[in-house]
1. For region 376-389, which positions are modelled with pLDDT under 95 and either open to solvent by less than 10 Å² (accessible area, probe 1.4 Å) or acidic (Asp, Glu) (or both)?
2. Applying the selection to region 223-252, what residues are buried (at least 18 other Cβ atoms within 10 Å of the Cβ) and of a type in the set (Val, Ile, Thr)?
3. When you check VAL418 against the structure, is it closer than 26 Å to ASP196 by Cβ and either touching a Pro at 6+ places or on another chain (Cβ under 6 Å) or in a strand (DSSP E or B) (or both), yes or no?
4. Being assigned to a helix (DSSP H, G or I) and within 15 Å of PHE373 (Cα to Cα) is the filter here, so list the residues in region 301-335 that pass it.
5. Pick out the one residue from GLU157, GLU163 that is over 20 Å from TRP335 (Cβ atoms) and open to solvent by 80 Å² or more (accessible area, probe 1.4 Å).
6. List every residue pair whose Cβ atoms sit under 7 Å apart, with the two residues 6 or more apart in sequence or on different chains, where the first one lies in region 340-354 and is closer than 10 Å to ALA211 by Cα and the second, anywhere, is surrounded by fewer than 21 Cβ atoms within 10 Å (Cβ to Cβ) and of a type in the set (Lys, Arg).
7. Kindly indicate the residue of region 191-222 that is among the aliphatic types (A, V, I, L, M) and either under 17 Å from SER390 (Cβ atoms) or crowded, with 18+ Cβ neighbours inside 10 Å (or both) and also modelled with the lowest pLDDT among those meeting that condition.
Amino acid sequence: MEGLIKGLIEVAIDVAGGHHNAQHPNQEQEQGEPRQTHDERSRSTWAEVVTGEQDDEGQNRWGNDDQRYGSNESQVSEESSRSRVRPHKAVMETHQAHMGRWNHEYKPNREDEQAHNSDGWQTVQSKPSRKPQKVHMDHWDGYKRHPSQQDYSEEVEDSAQLEPSEDELADLPRACDKLWQLDFNRLVPDKDYQIDCGEGKKVYSKEDMAAGTLFTWLGDDVLRRSTFSRFCSLLDNYNPHEGYKEQVTNEERQEQAAFIEEISRTAPIKYLYKYLLYKRIVSENYTEFKRLLENLWFTLYGRGGTSGSSSAFEHVFVGEIKGHGEQQVSGFHNWLQFYLEEAKGRVDYQGYIFPRGRGQLPDSETQLLTIQFEWNGLLKSVSSSFIGVSPEFEVALYTLCFYAGGEDNHLRLGPYDVNVKCYRLGDKIGSAFPIAEN
């Protein structure tokens, strides 16, 4: 008995030590910049920390690479699952990564899901469940038809508001702020949705500072909006592994073309077109401009040593898993993808990252967040994204920065000082994401 008690005490000490002192291994920048030692990292500025998109490494939870993301289910072994669970989160737990195509009703009650899949193991400190939301997708099959056979929203009327001014043409930050003003589909916090930011933390902290989910609720009509709905229908077209060669079907290509057609009718995209036209980056042919957008965002390119395994859309909005053996979450900078994955129990929100200096702490009305989360058991120690903005705004913003800006684009978007990072892979977008600067 004494030996057993002693052993339990030693385990408790080890757990406490790991909880307070463990550092994330191999924090690595997305573009291969030199790694920093722990002492160097502790002296890094906030912008330096976030700029590198430092991602934690973790265990692959998607099973066989040959399985297409969203089309099959894979079972992670009980032993492997337990080895990756942080000790302050669970006593013992098995994990099953649900990879079914979009269900007609998401069930974000993680306690129920774990009870069903854990063979009796019980999780401690489970987060409170959220009321399941029905995602209306009965019309999504229609998006797979040929684009010429689909119905679209009416085009926004041409007006002087969509014409770039001389000041905007001479000053990229002014043009980007104009895109913010033209985002008529941007949601209103606490009216169209509600978030709970929880508590703050430092990038290298492993403690879960969020008592619940990030999204408390989302208005029933939001995912019925035309550009939102079409955007969401694209998210399950990818396998997240960087080394997996994507197989794109004709129906998926038609989904992509139809999404571009839908957003090309909105104010942000029409303003983008006129801006690039004045800069002589595109021709007067609007059809050619739409093809340019489709190629820029959906054309496959190589990442992680495998050709045809990635695209700008997949990396920036869907997210990817990079590395072999020890793996990391890369990309994943879209709030709609976060909401849907959180609703399905695949995302575990861990809290927001403290702003540098004396920056304002986020609240339920904040629409630019820097956060930490787990995606199917893999920790992304720092990630930033807009909240509540429309798909057309993000496509327009990142495209404008790609063609008219540089790697760092210091902007003022509404009330937010932001640096939009834009990395290039040849003539394609390698990554694009916002970094809060206040």
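The values are calculated or read from the model by the stated rules, or taken from the named source; none is laboratory data. Worth saying up front: this structure is predicted, and the values here are computed from it rather than measured. Heads up, the Cβs are rebuilt from the backbone with ideal geometry, glycines too, and the neighbour counts pull from every protein chain shown. For accessibility, only protein heavy atoms count, side chains too; no ligands or nucleic acids. Shrake-Rupley method; radii C 1.70, N 1.55, O 1.52, S 1.80 Å.
1. ASN376, LEU378, LYS380, SER381, VAL382, SER383, SER384
2. THR227
3. Working: closer than 26 Å to ASP196 by Cβ: yes; either touching a Pro at 6+ places or on another chain (Cβ under 6 Å) or in a strand (DSSP E or B) (or both): yes.
When the stated conditions are applied, VAL418 passes them.
4. Pass one, region 301-335, residues assigned to a helix (DSSP H, G or I): 312-318, 335.
Passing the criteria: VAL318, TRP335.
5. On the way: GLU163 fails: open to solvent by 80 Å² or more (accessible area, probe 1.4 Å).
Criteria check complete, one pass: GLU157.
6. GLY351/LYS201
7. Applying the first criterion (among the aliphatic types (A, V, I, L, M)) to region 191-222 yields 195, 203, 209-211, 214, 218, 222.
From the residues that got through so far, the ones that are either under 17 Å from SER390 (Cβ atoms) or crowded, with 18+ Cβ neighbours inside 10 Å (or both) too are 195, 203, 210, 214, 218, 222.
Values: ILE195: 97, VAL203: 90, ALA210: 94, LEU214: 97, LEU218: 96, VAL222: 95.
Residue satisfying both the conditions and the ranking: VAL203.
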